[in-house]
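Encoded as structure tokens, the structure appears first; notes follow it.
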Amino acid sequence: MKRFNNNRFQHISGAVLLILCLIESITALGQQPVNSDTIIKKSIIVNDGFEIKFLDCPGAGYGWYLSTPYDTTVLSIRQTSSEIMEGNYSIGGHYVTTYCFKGLKKRNLSLVYYYKRPWLKDRLFKCKIIIKIK
């Protein structure tokens, strides 16, 4: 009987550990910078906001650029930080650039960012951000 309880405890503790690891990986996934084709959907209320991190490589000339102007009376976008990634050098390294998006009026918006060199037409990646401001 005692052995059965030990096995049961091991199965329960293993399941709890698995769930905790899954939750941690999901949380970490939300904090990863955008570095490929992606679609992000956000629903916020007026005067609320969220952050998105983009992976840039300014030494090679690559960065994320908004494809078209947006209505600044509906949405505020500001860069809050630009930090070099761990293990990279300041020259030629990858940077994580963080932008804060804040809803100012009720409306639905769709923004498109392209990862590219600004002087070339070629685009490597596309990030579409769909925002619903309530």
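List of remarks:
- Mean Cβ count within 10 Å, highest first, over the residues of peptides 68-81, 85-98: 85-98, 68-81
- Spatially proximal aspartates and glutamates relative to residue 106 (Cα-Cα < 15 Å; intrachain offsets below 8 disregarded): 48, 71
- Net charge contributed by nearby residues that have their C-beta within less than 14 Å of residue 95 (K/R +1, D/E -1): -2
Throughout, read-outs are computed from the coordinates displayed, never taken from laboratory work. On a predicted model such as this, the values are computed, not experimentally measured, just so you know. Glycine gets a Cβ as well: all are built from the backbone with ideal geometry, and neighbour counts include every protein chain shown.
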